[in-house]
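Trainee: The structure follows.
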Amino acid sequence: MAKKLKVAIIGCGGIANGKHLPALAKKTDILELAAFCDIIPERAAKAKTEYGTEESLVTTDYKELLGNASIDVVHVCTPNDSHAEIAIAFLEAGKHVMSEKPMAKTAAAAREMLAVSERTGKLLTVGYNNRFRPDSLYLKQLCEEGELGEIYYAKAHALRRRAVPTWGVFLDEEKQGGGPLIDIGTHALDLTLWMMNNYEPKVVLGSSYRKLAGNENSANAWGPWDPKQFTVEDSAFGMITFKNGATVVLESSWAINLRKFSEAKVTLVGTKAGADMDDGLFINGEKNSRLYTQEVELKSGGVAFYEGKSENNVDIEMRVWYDAILKGSPLTVTPKQALVVSEILEAIYESAKTGKAISFQ
């Protein structure tokens with residue numbers, strides 16, 4: 001039997017317990033959860049109890065794991081401001097790294113992550129798991145096959161009507177680098193650029209708002225937020241033009257007065273057809289001098305990444321990641337792609353701050 005990969009989890013909070021650990025626990029045939037790190041020792045200990053073995057290590061300092069030659073893979077599930085520091089340290093130590101989204105708090109830090117990955121030869125990916133949803137995989141296949149033609153306009157949707165995360169450090173600009181734009185807007189933008197296969201931005205214009213953040217006792221999915229702690233934007237918007245002439249509009253919010261809301265969805269407009277993910281996946285176009293709208297049936301299953309078993313998008317994300325490590329399969333989410341997402345997000349924030357368009361020329 002082949003040696004199991006030993007995996008370390010850095011950050012044992014919400015994203016680790018809600019996404020990474022349950023998915024990794026299904027892959028005990030190829031990996032062992034060997035180390036758990038969190039600045040709150042009880043969280044690391046709890047993760048070990050639920051997902052580790054008797055031999056699993058528990059620590060509050062990730063640096064204690066850098067010299068551990070037995071660790072092969074590291075998952076970085078910490079606040080945005082520490083993604084780069086931790087990922088770079090483990091890449092330098094010879095480990096493969098999956099970082100949660102966004103790639104880093106700043107574009108400069110993301111560029112350094114990419115450079116270290118390329119220099120060390122260790123794999124680096126970013127947790128954009130929405131690419132692995134059934135609707136995303138189907139639409140990506142249509143795009144690759146040219147069914148939509150040239151995609152020259154798109155919308156990236158990341159709108160919540162009232163769903164401000166009130167736990168952790170989500171409302172802390174210093175830790176996160178921003179609010180809904182960098183938190184959920186990053187997913188929508190990643191999905192859109194991936195569908196278009198367009199990673200050459202030209203000019204970015206952005207705006208951000210704090211129109212509802214100061215409200216007391218607001219309706220909210222997770223209970224009212226504390227206006228004193230809400231130091232980030234409550235909504236942000238951007239328009240990105242690309243070197244080939246294409247345009248993308250990105251909309252993001254945690255709290256906004258819109259009746260219809262849509263998160264991690266895309267609308268694509270091509271020369272042959274269009275597509276949207278509004279209440280399902282729809283393709284629209286013209287055929288035989290008639291307009292048509294077609295809804296794609298996604299409940300009957302598909303063949304993308306098929307291995308004869310039922311998997312959700314996170315299960316697929318983890319399998320593709322570990323196939324890249326063990327089999328040399330190509331990464332679905334490359335660090336070069338994730339870097340462009342971070343660069344555009346940063347440009348939107350900078351444009352909103354200065355009132356000027358940001359050029360990538």
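The values are calculated or read from the model by the stated rules, or taken from the named source; none is laboratory data. Please read all numbers here as calculations on a predicted model, not as lab measurements. Because the Cβ atoms are built from the backbone with ideal geometry, glycine has one as well, and the counts that use them run over all protein chains shown. Side chains included, ligands, DNA and RNA excluded: accessible areas come from the protein's heavy atoms. Shrake-Rupley method; radii C 1.70, N 1.55, O 1.52, S 1.80 Å.
Trainee: Go through segment 204-291 and tell me which strands (runs of 3 or more DSSP E), entirely inside it, have 2 or more residues that are within 29 Å of PHE360 (Cα to Cα) and open to solvent by less than 10 Å² (accessible area, probe 1.4 Å).
Mentor: 235-242, 247-253, 263-270, 273-276
Trainee: Have a look at LYS19, LYS26, LYS105, LYS95 and point out the one that is closer than 15 Å to TRP321 by Cα, touching a residue at least 60 places away in the same chain (Cβ under 8 Å) and open to solvent by 30 Å² or more (accessible area, probe 1.4 Å).
Mentor: Result: LYS26 is the single residue among LYS19, LYS26, LYS105, LYS95 that is closer than 15 Å to TRP321 by Cα, touching a residue at least 60 places away in the same chain (Cβ under 8 Å) and open to solvent by 30 Å² or more (accessible area, probe 1.4 Å).
Trainee: Is it true that ALA163 is open to solvent by less than 50 Å² (accessible area, probe 1.4 Å) and either among the aromatic types (Phe, Trp, Tyr) or in contact with a Ser or Thr (Cβ under 8 Å, 6 or more places away or on another chain) (or both)?
Mentor: Criteria not met by ALA163.
Trainee: Does GLU144 qualify as being open to solvent by 20 Å² or more (accessible area, probe 1.4 Å) and within 30 Å of GLU286 (Cβ to Cβ)?
Mentor: Taking the combined requirement at face value, the residue satisfies it.
Trainee: Considering only residues of segment 327-361 that are free of Cβ contacts under 8 Å to residues at least 24 places away in the same chain and among the small types (Gly, Ala, Ser), which is nearest to ALA109 (Cα to Cα)?
Mentor: GLY355
Trainee: Given the condition in contact with a Leu (Cβ under 9 Å, 6 or more places away or on another chain), closer than 24 Å to LEU148 by Cβ and at pLDDT below 95, answer yes or no: does some residue in segment 247-260 qualify?
Mentor: yes
Trainee: Something else now. Can you tell me which residues in segment 11-35 are aliphatic (A, V, I, L, M) and not in a helix (DSSP H, G or I)?
Mentor: Across segment 11-35, the qualifying residues are ILE30, LEU31, LEU33, ALA34, ALA35.
Trainee: Condition first: of a type outside the set (A, V, I, L, M) and either assigned to a helix (DSSP H, G or I) or surrounded by fewer than 19 Cβ atoms within 10 Å (Cβ to Cβ) (or both). Now tell me which residues in segment 40-55 satisfy that.
Mentor: Passing the criteria: PRO41, GLU42, ARG43, LYS46, LYS48, THR49, GLU50, TYR51, THR53, GLU54, GLU55.
Trainee: Please count how many residues of segment 1-16 are open to solvent by less than 30 Å² (accessible area, probe 1.4 Å) and under 11 Å from CYS77 (Cα atoms).
Mentor: Matching residues across segment 1-16 total 7.
Trainee: While we're looking at this one, here's another question. Which numbered condition trips up GLY121, out of (1) surrounded by 15 or more Cβ atoms within 10 Å (Cβ to Cβ); (2) on the phi > 0 side of the Ramachandran plot; (3) of a type in the set (Gly, Ala, Ser)?
Mentor: (1)
Trainee: Something else: Looking only at segment 80-95, count how many residues are among the acidic types (Asp, Glu) and farther than 13 Å from LYS63 by Cα.
Mentor: The qualifying residues number 1.
Trainee: Next question. Restricting to segment 74-102, name every residue that is part of a loop (DSSP other than H, G, I, E, B) and of a type in the set (A, V, I, L, M, F, W, C).
Mentor: CYS77, ALA93
Trainee: Looking at (1) touching a Leu at 6+ places or on another chain (Cβ under 8 Å); (2) part of a strand (DSSP E or B), which one does VAL58 not meet, given that it meets all the others?
Mentor: All conditions are met except number (1).
Trainee: Please find, among ARG111, ARG131, the residue that is open to solvent by 30 Å² or more (accessible area, probe 1.4 Å) and of a type in the set (Lys, Arg).
Mentor: Result: ARG111 is the single residue among ARG111, ARG131 that is open to solvent by 30 Å² or more (accessible area, probe 1.4 Å) and of a type in the set (Lys, Arg).
Trainee: Condition first: touching a Phe, Trp or Tyr at 6+ places or on another chain (Cβ under 8 Å) and open to solvent by 30 Å² or more (accessible area, probe 1.4 Å). Can you find one or more residues in segment 167-174 that meet it?
Mentor: There is at least one residue in segment 167-174 that is touching a Phe, Trp or Tyr at 6+ places or on another chain (Cβ under 8 Å) and open to solvent by 30 Å² or more (accessible area, probe 1.4 Å).
Trainee: Name the residue, out of LEU193, LEU189, that is in contact with a helix residue (DSSP H, G or I) (Cβ under 6 Å, 6 or more places away or on another chain) and surrounded by 21 or more Cβ atoms within 10 Å (Cβ to Cβ).
Mentor: Going through LEU193, LEU189 in turn, just one is in contact with a helix residue (DSSP H, G or I) (Cβ under 6 Å, 6 or more places away or on another chain) and surrounded by 21 or more Cβ atoms within 10 Å (Cβ to Cβ): LEU189.
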